[in-house]
1. Does the range 79-88 contain any residue that is assigned to a strand (DSSP E or B) and not acidic (Asp, Glu)?
2. Would it be correct to say that ALA107 is under 22 Å from SER49 (Cα atoms) and touching a Leu at 6+ places or on another chain (Cβ under 7 Å)?
3. Looking at THR35, THR46, which one is closer than 23 Å to ARG120 by Cα, among the hydroxyl-bearing types (Ser, Thr, Tyr) and in contact (Cβ under 8 Å) with a residue 60 or more places away in the chain?
4. Since ASN66 meets every condition but one in (1) touching a residue at least 60 places away in the same chain (Cβ under 8 Å); (2) of a type in the set (S, T, N, Q); (3) in a loop (DSSP other than H, G, I, E, B), which condition does it not meet?
5. Which residue is modelled with the lowest pLDDT, if the candidates are limited to the range 128-167 and must be closer than 24 Å to LEU33 by Cβ and of a type in the set (D, E, K, R)?
6. Under 8 Å by Cβ, and 6 or more places apart or on different chains, what pairs join a residue from the range 14-26 that is within 16 Å of PHE160 (Cβ to Cβ) with one that is among the β-branched types (Val, Ile, Thr)?
7. Among the numbered criteria (1) under 21 Å from LEU136 (Cβ atoms); (2) without any contact (Cβ under 8 Å) to a residue 40 or more places away in the chain, which single criterion is violated by ARG58?
8. Of all residues in the range 34-52, count the ones that are part of a helix (DSSP H, G or I) and farther than 18 Å from LYS87 by Cα.
Amino acid sequence: MVFLIAAISDNNIIGVQNKLPWKLKNDLRWFKLHTLYGAVIMGRKTWLSLPKKPLVNRLNIICSRNCTEKIEGNVVWVSSFERALKKAKFYSRHTYIIGGGEIFHLALANHVVDTLILTRVHKNIEQKNSDKLIDLTLPTTKQLIYRSVDQIENKIKYHFEMYNLKI
């Protein structure tokens, strides 16, 4: 199965300057709970933004157009999204698309995602100065299969959702 996992604001922003625009410990726990022991696919910028790399107990697959394909422990570098999917499916039953924006858009455009795993952050992220905002447009056709109660952390209200895309 292929999952897309993301935290997204009320105005569909997932990042500012290649970083999450919030710090939510429970969001990180939610992310770890779902991705542990699976294969995670990410772009090079997401890889570079990780505070600790590689993500432990997961196969880390990094897509970069300008790379030589190689495997180093639990880190695999590939030159295309298609190659990343092929590697992930070979090594794991569960594949998680974890970002960034370009990788999310490729996954959704190619209709490879079975399930969305979301953290809905109830906040609008506004552009400041020359900040680069990264957005994510979710599919309109989806079936809600789970919604948590609202939570508050660092004065930010949020909740978790899961959607089936293969309706």
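The values are calculated or read from the model by the stated rules, or taken from the named source; none is laboratory data. Quantities reported herein were computed from a predicted structural model and do not represent experimental measurements. Using ideal geometry, Cβ is built from the backbone for each residue, glycine included, and neighbour counts are taken over all protein chains shown.
1. No, the range 79-88 contains no residue that is assigned to a strand (DSSP E or B) and not acidic (Asp, Glu).
2. Details: under 22 Å from SER49 (Cα atoms): yes; touching a Leu at 6+ places or on another chain (Cβ under 7 Å): yes.
Yes; evaluated as a whole, the condition is true for this residue.
3. On the way: THR46 fails: in contact (Cβ under 8 Å) with a residue 60 or more places away in the chain.
Just a single option satisfies the conditions, and that option is THR35.
4. (1)
5. Taking the range 128-167 and keeping what is closer than 24 Å to LEU33 by Cβ, we get 134, 136, 138-139, 142-166.
Pick out the ones that are also of a type in the set (D, E, K, R) and you get 142, 147, 150, 153, 155, 157, 161, 166.
Working: LYS142: 97, ARG147: 98, ASP150: 98, GLU153: 97, LYS155: 96, LYS157: 98, GLU161: 98, LYS166: 84.
For the range 128-167, the residue satisfying everything is LYS166.
6. The qualifying pairs are ILE14/ILE8; ILE14/ILE134; LEU20/ILE14; TRP22/VAL121; TRP22/ILE156; LEU24/THR119; LEU24/VAL121; LEU24/ILE156.
7. (1)
8. Initial filter on the range 34-52 (part of a helix (DSSP H, G or I)): 34-35, 44-49.
Applying the additional criterion that residues be farther than 18 Å from LYS87 by Cα yields 34, 45-46, 48-49.
Result for the range 34-52: 5.
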